[in-house]
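Below is one structure, written out as structure tokens, with a few remarks after it.
Laboratory data are not the source of any read-out in this text; all were calculated from the coordinates shown. Owing to the predicted nature of the structure, the values given are computational and were not obtained by experimental measurement. Heads up, the Cβs are rebuilt from the backbone with ideal geometry, glycines too, and the neighbour counts pull from every protein chain shown.
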Amino acid sequence: MARGKRLASSLLLTGGIVLVFAGLNAALGFSLPGLVASAAAIVMLLYAGSVWFGPLPPAVAPPGAETVIVFDRFLHIAAGAPPGTPLLSQFPARLRDTVETHCRAALRGESSHFSCEISGRHLSFEVAPVQPTAGAVLYGVLIANAGLRVGVPSAQPAATVA
């Protein structure tokens, strides 16, 4: 199926380039300025299409930046990333079980901390319950800090969630 879509999109792209080139050359005449205008229009259309339909750049925080995700009892993101998406889909497959264990513990009222290494980067995670005054835990918060090295204490004070 993916191969058919790729072939169809290639044919549409080729057809579009031919039509733009032919249309501009017919309007401007087959001359050097007409060729330059056609090439410029084709490049602009290709750029606009790649920006519009291309994949979003990965959300990579700069070293030392913290990523905060608030999640609900169903482990869906409530705030911090695309809301409503499953929390575990934000992590590599080999890390999902660990994240799930710590997040479920936070929903039971337990705070925790864990670290791991992914693609040579040390990541540190803080997971805590978000407990309103009524006492029932409805949400949890996961704070990922890509700037901390495992085993090296941070100079910044730890944040607490009441």
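What is the spin-label model distance, in nm, from ARG3 to ALA48 if the labels are put 7 Å beyond Cα along the C-beta direction?
Each label point is offset 7 Å from its Cα along the Cβ direction, giving 3.4 nm.
Can you give the FRET efficiency for ARG73 and LEU95, using 1/(1 + (r/R0)^6), R0 = 22 Å, r = Cβ-Cβ distance, to the nearest 0.05?
Working: r = 21 Å, r/R0 = 0.95.
It comes out at approximately 0.60.
Using the crude model of +1 on Lys and Arg Cβ and -1 on Asp and Glu Cβ, and no other charge, please compute the dipole size for the stretch 66-145 relative to its Cα centre, in debye to 20.
Numbers: 6 positive and 7 negative charges, 29 e Å.
Magnitude of the dipole: close to 140 debye.
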